[in-house]
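Data first, discussion second: the structure below is written as structure tokens.
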Amino acid sequence: MKTTEIMARLRAKYPGEVEYLQAVQEVLESVEDIYNRHPEFEKAKIVERMVEPDRVFSFRVTWVDDSGTVRTNTGWRVQFNSAIGPYKGGLRFHRSTSLSMLKFLGFEQTFKNALTTLPMGGAKGGADFDPKGKSEEEIMRFCQAFMTELWQCIGPDQDIPAGDVGVGGREIGYMYGMYKKLAREYNTGVLTGKGVNWGGSILRPQATGYGALYFTQNLLHRIGKDVKDHRIAISGFGNVAWGAAEKASQLGAKVIAISGPDGVCEIPDGITPEMTDYMLVMRASNRDKVEDMATKFPDRCKFTPGGKAWDIPCDIALPCAFQNELDEADARKLKENGCWCCCEVSNMGCRPEAIAFFQANGILFAPGKAVNAGGVATSGLEMTQNASHINWSGKEVDEKLHFIMNSIHESCVKYGLQPDGSVDYVKGANIAGFMKVAGAMLDQGIV
Ligand code: GLU
């Protein structure tokens, strides 16, 4: 296969699906060499099949806001690939959600889930609903309306959604309540990220951020360093950023910045446990303003409107917000200010030019599909607990998560080791995930 030819065909077929095309290009470039050494892949047209979702559901979601006005949104579920298990992946509620975005996320999820070592295929879904400024009741009505369509597409052995941007424990609760009413099925395993009293796993809310720090620690230990005593800049203040900030502080690092769509909060003496707890209040408020942190903790925090986390001098950058949130100019600024490591926690958080700049300038870089896989891995652990009707302790879940992150790091090293002894983590993660999915597709014939 030739990446350029496949990309030209996809660009003609899906013009304007920029996020999807960007994600596919990155993976194909990484795997082209190894793919071409396997004629059996080419014979079965693995790549051509892998870049197309198995199926896509699209539906209208109508609900009534607090003023009595009828509102209409669009919802989707993209079931991308089931070669290694039932479809698995989150739901995103954000005003910019589109089919292209969910195809990119579903495609990435397929390889990420393969890296976790657990039997999960890839999927993603969501709606162009904007949670910003919505009341608790509006959130509930939207989640219920969304589920009146989604329930027919999912099931504990078919497709298991979870949270993503704009969807946390509260939204999963409202959706699960409606699912039971419609489906008359009471198997908690149909969704993950549930409350701990009704089938949720201890540590699932923290898992993406904790896992990201375990991965970062692995990457640093390999070169004789540690996160301890280093300055970390984090973008975002949602669930992922929260878990990352908490674990980074526990490991002795100093979180010196968090950011939001309105600007950046500089925290020169490092984030405190009270401040990380407050991130949860900020997320639940639906105000989408990081300035609230500076208002609440004026002595520790300096807010700069319009600023980014990447403006603040740091050693390690952890993008935890949204795709393409870190561009080449940001990468240059990070380097100028002394940053030497960037672990992408958001899905496709860095623009390709930013990644190229990091790699060309000796800045350690690891991609989201490896770094953030602890979230979906712990969803997999939640599914196991649900299926076997048991609850593991926090310690048990944390140990399993840690073990999984170590093995993801090992896979990246195995497939990404360069002749000079360094590791290309982008290549490593893409090839490791790809080989597993491609092998399974081959075993299962032309379907
Ligand atoms: N949305 C998360 C991700 O991007 C978690 C998905 C899940 O737990 O299914 O991996």
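The values are calculated or read from the model by the stated rules, or taken from the named source; none is laboratory data. Owing to the predicted nature of the structure, the values given are computational and were not obtained by experimental measurement. A quick note on method: Cβ atoms are made from the backbone with ideal geometry, for glycine too, and the neighbour counts reach across all protein chains shown.
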Report summary line: residue 94: passes all of (1) away from the ligand (no atom under 16 Å from the Cβ); (2) under 16 Å from the mean Cα position of the chain (by Cα) but (1)
Report task. Would you confirm whether any residue within the range 279-299 is assigned to a loop (DSSP other than H, G, I, E, B), within 25 Å of residue 401 (Cα to Cα) and within 16 Å of the ligand (Cβ to nearest atom)? Result -> no
Query raised in the report: Which condition breaks for residue 120 when tested against (1) at negative phi; (2) in contact with a His (Cβ under 8 Å, 6 or more places away or on another chain)?
Result: (2)
Query raised in the report: Identify, please: which residue in the range 187-219 is over 18 Å from residue 377 (Cβ atoms) and out of contact with any strand residue (DSSP E or B) (no Cβ under 7 Å at 6 or more places or on another chain) and is, among those, surrounded by the fewest Cβ atoms within 10 Å (Cβ to Cβ)?
Result: 197
Report summary line: Pairs returned, first residue in the range 331-344 that is part of a helix (DSSP H, G or I), second residue that is surrounded by fewer than 16 Cβ atoms within 10 Å (Cβ to Cβ) and of a type in the set (S, T, N, Q), beta-carbon separation under 9 angstrom, 6 or more apart or interchain, are 331/361; 332/361; 335/361
**Report entry** Flag if residue 383 is in a helix (DSSP H, G or I), in contact (Cβ under 8 Å) with a residue 40 or more places away in the chain and within 16 Å of the ligand (Cβ to nearest atom)
**Finding:** yes
**Report entry** Total residues in the range 260-274, condition under 18 Å from residue 321 (Cα atoms) and either polar (S, T, N, Q) or not in a loop (DSSP other than H, G, I, E, B) (or both)
**Finding:** 5
Query raised in the report: From the residues in the range 161-201 that are among the charged types (D, E, K, R) and within 14 Å of residue 139 (Cα to Cα), which one is farthest from the ligand (Cβ to nearest atom)?
Result: 170
Query raised in the report: Taking residue 166 and the conditions (1) on the phi < 0 side of the Ramachandran plot; (2) crowded, with 19+ Cβ neighbours inside 10 Å, which numbered condition does it fall short on, given that it satisfies the others?
Result: (1)
Report task. Please indicate, with yes or no, whether at least one residue in the range 238-246 is surrounded by fewer than 18 Cβ atoms within 10 Å (Cβ to Cβ) and either at pLDDT 95 or above or in contact with a helix residue (DSSP H, G or I) (Cβ under 7 Å, 6 or more places away or on another chain) (or both). Result -> no
Requested in this report: Select from the range 333-380 the residues that are among the polar types (S, T, N, Q) and either over 17 Å from the mean Cα position of the chain (by Cα) or surrounded by fewer than 19 Cβ atoms within 10 Å (Cβ to Cβ) (or both) and write down the one among them that is nearest to the ligand (Cβ to nearest atom).
Outcome: 359
Query raised in the report: Mind checking whether some residue in the range 202-211 is within 16 Å of the ligand (Cβ to nearest atom), part of a loop (DSSP other than H, G, I, E, B), closer than 18 Å to residue 113 by Cβ and not small (Gly, Ala, Ser)?
Result: no
**Report entry** Test: residue in the range 126-147 that is under 24 Å from residue 438 (Cβ atoms) and within 14 Å of the ligand (Cβ to nearest atom)
**Finding:** no
Query raised in the report: How many residues are crowded, with 24+ Cβ neighbours inside 10 Å and within 20 Å of the chain's Cα centre (by Cα) when one looks only at the range 125-153?
Result: 4
Query raised in the report: Scanning for something among the β-branched types (Val, Ile, Thr) and closer than 20 Å to residue 89 by Cβ, does the range 400-411 turn up at least one residue?
Result: yes
**Report entry** Those helices (runs of 4 or more DSSP H) lying entirely in the range 1-74 with at least 1 residues on the phi < 0 side of the Ramachandran plot and among the hydroxyl-bearing types (Ser, Thr, Tyr)
**Finding:** 3-13, 18-36
Requested in this report: Please indicate, with yes or no, whether at least one residue in the range 219-226 is away from the ligand (no atom under 16 Å from the Cβ), under 29 Å from residue 342 (Cα atoms), within 21 Å of the chain's Cα centre (by Cα) and part of a helix (DSSP H, G or I).
Outcome: yes
Query - Unique residue being among the charged types (D, E, K, R), within 23 Å of residue 365 (Cβ to Cβ), surrounded by fewer than 19 Cβ atoms within 10 Å (Cβ to Cβ) and touching a Gly at 6+ places or on another chain (Cβ under 9 Å) when the list is 157, 226 - result: 226
Query - Conditions (1) free of Cβ contacts under 8 Å to residues at least 60 places away in the same chain; (2) part of a strand (DSSP E or B): number failed by residue 318 - result: (1)
Requested in this report: Find all pairs meeting these conditions: Cβ atoms under 9 angstrom apart; at least six residues apart or on different chains; first residue within the range 157-178 and under 10 Å from residue 194 (Cα atoms) and touching a residue at least 24 places away in the same chain (Cβ under 8 Å); second residue of a type in the set (Phe, Trp, Tyr) and within 15 Å of the ligand (Cβ to nearest atom).
Outcome: 171/93
